[in-house]
Amino acid sequence: KYYVGHTDSIERRLEEHNTGRGSTFTSNCHPWTLVYQESFLPV
C-alpha cells in the first residue's frame, strides 16, 4: 500500500504509523517504510 502525507517531523510520524498511533488506515497496514521524501522551505 502507498500513503502520501506531510509532516513537520518525519521521524515522529513514521514512528506513529508503525506503532499504531496513526490513522486507522496506517494502523492496519504496518510496518511502513519510507521510500521517498522531499523537503521544502517555508514560503
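Treating the beta-carbon of each Lys and Arg as +1 and of each Asp and Glu as -1, no other charges, what is the dipole magnitude of the chain about its Cα centre, to the nearest 20 debye?
Using Cβ point charges on Lys, Arg, Asp and Glu, the chain gives about 160 debye.
Placing +1 on the Cβ of each Lys and Arg and -1 on the Cβ of each Asp and Glu in the chain, which of 36, 5, 22 has its Cα farthest towards the positive end of the resulting dipole?
After comparing all options, I get 22.
For mean projected area of the Cα convex hull in nm², one of [x] 3.2; [y] 4.0; [z] 5.4 was computed from the structure I shared and the rest are decoys. Which label?
Calculated mean projected area of the Cα convex hull in nm²: the matching label is [x].
Read-outs throughout are calculated quantities, based only on the coordinates presented, and are distinct from any laboratory measurement. These numbers were taken from a predicted model, which means no experiment stands behind them. Cβ sites come from the backbone with ideal geometry, for glycine too, and all protein chains shown count toward neighbours.
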